[in-house]
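Enquirer: First the structure, which I've put down as C-alpha cells, then a few questions once you've had a look.
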Amino acid sequence: MTRLNNKHAVLTGAAGGIGLAVATAYLREGAKCTVADIGNSPTPELAALMAAHPDTLAYVPTDVTQLPDIDALIAAASARFGTITTLYNNAAIFDMAPLLESNEAMYDKIFAVNVKGAFFVLQKVLAHMVEHKVQGGSVINMASQAGRRGEALVSHYCASKAAIISYTQSAALAMAPHKIRVNGIAPGVIATPMWANVDALFAKYEHLPIGEKKKQVGLAVPLGYMGDPTDICGAAVFLASDEASYITAQTLNVDGGNVMS
C-alpha cells in the first residue's frame, strides 16, 4: 500500500461520492491529500476520514467557479503538505431537461462548474507543477460516459463532459515537454448519492416511478449492475502512480462495458 508515497494530491468535489472514495484510496496508498468541496465544513463522512488521518488529510472549502478560491486552495494545500504532484479534478454538477425546455440559467450553471471550474483548476495546478518543476506529475480529469455521446434529455451535461475529454487531450500535449501526464476517467452509471436526484429527474421527464430509471440503467450495463464509487479507485490510483508513467492524453472508460472505444 505504498504506490503513492511522496505524492500530494489535490482532489476537488471530494467531500462525498466518488471523490471521497478516491481520497480514501489515495491515503491508503501513502499520499497526502487536500480535499476541496463547496461546503464551508467537511461532510460527516469526510470529517470521519480526517479524524483517522489527521496528519495526511486536510479540507479547504472551495467554489471552483471563483478563480480566487482556486488560488487560495493551491496556496493552502502547498502550505500544508508541500508541492502538489497530483490533481484529481472531479468537481461537477448535474441537471437535465428536454432540449426545447432547457434555459440559459441551466446552461450557465453546468458550464460554470463542469467546464470553467474544471479548466481553471487544471490550468492553475499545472502552472504550480511547472513552477515547482514537478517530474512525473499527474492530472486525472473526471469525464463521463455522457461525454462520449449525446443524450436527448442531458444535452448540457453531455457537452460539458465532452469538453473535459477534449481539454484532457490538449493539456496532455501541452504538458508533455514538462513530463507531466494528463489523463481522464469516464465513469459509467455509478451508485452515488447524486443518483437520487438523477433518478427523480428521469422519473419526471420519462413518467417513470421513482427508482425505475436506476433499475433500468443498472440492468442495461453489460456487466449487469451499476458501479460503486470504489470501482473508480483502481483506475484513479493507477493513473496517479508511476506505474502509468507512459500513459497520457487518454480517457479511460470505467463503465462495466457501456461504451466501447
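Values in this text are rule-based calculations from the coordinates and carry no lab data. In this text the structure is predicted, and so the values were computed from the model without any measurement. FYI the Cβ positions are ideal-geometry reconstructions off the backbone, even for glycines, and counts take in every protein chain you see.
Enquirer: Could you tally the net charge around Gly82, taking each other residue with its Cβ under 12 Å from the Cβ of Gly82, Lys/Arg +1 and Asp/Glu -1?
Expert: My count for the surroundings of Gly82 gives +3.
Enquirer: Restricting to Cα atoms and excluding each atom paired with itself, what does the Kirkwood estimate give for the chain in Å?
Expert: Every distinct Cα pair counted, the radius reaches 18.5 Å.
Enquirer: Pairs of alpha-carbon atoms within less than 8 angstrom and 6+ residues apart define the contacts here; what relative contact order does the chain have, in percent?
Expert: RCO, the chain: 19 percent.
Enquirer: I've got another one for you. Taking H as built 1.01 Å from N, whose amide H comes closer than 5 Å to the amide H of Val139, not counting residues under 5 places away?
Expert: Leu87, Arg181, Val182, Asn183
Enquirer: Could you give the DSSP H helices of the chain that reach 15 angstrom or more along their long axis (alpha carbon positions) and whose average Kyte-Doolittle hydropathy is no lower than 1.0?
Expert: The answer, listed by residue number, is 17-28, 118-131.
Enquirer: Identify all lysines with a Cα-Cα distance to Lys124 below 24 Å; exclude those on the same chain that are fewer than 8 residues away in sequence.
Expert: Lys7, Lys32, Lys109, Lys116, Lys133, Lys161, Lys179
Enquirer: Sticking with this one: Please report how far the C-alpha centroid of the stretch 154-194 lies from that of the stretch 63-114, rounded to the nearest whole angstrom.
Expert: Measuring centre to centre over Cα atoms gives 13 Å.
Enquirer: Which whole number in µm²/s is D for the stretch 85-237 by Stokes-Einstein, with the Kirkwood Rh taken over Cα pairs at 10 °C and 1.306 mPa s?
Expert: 95
Enquirer: Follow-up question, since we're still on this one. Can you check what the net charge comes to around Ala162, using other residues whose Cβ is under 11 Å from the Cβ of Ala162 (Lys, Arg +1; Asp, Glu -1)?
Expert: Overall, the nearby charge balance is +3.
Enquirer: What does the net charge come to around Asp199 if you take all other residues with beta carbon closer than 11 Å to its beta carbon, with K and R at +1 and D and E at -1?
Expert: +2
Enquirer: What are the residues whose amide H is under 5 Å from the amide H of Thr251, where those residues sit 5 or more places off or on another chain and H is modelled from the backbone?
Expert: Placed amide hydrogens put Gly184 under 5 Å from Thr251.
Enquirer: Would you work out which of Ala171, Val189, Leu100 lies farthest towards the positive end of the dipole of the chain? Charges go on Cβ: Lys and Arg +1, Asp and Glu -1.
Expert: Ala171
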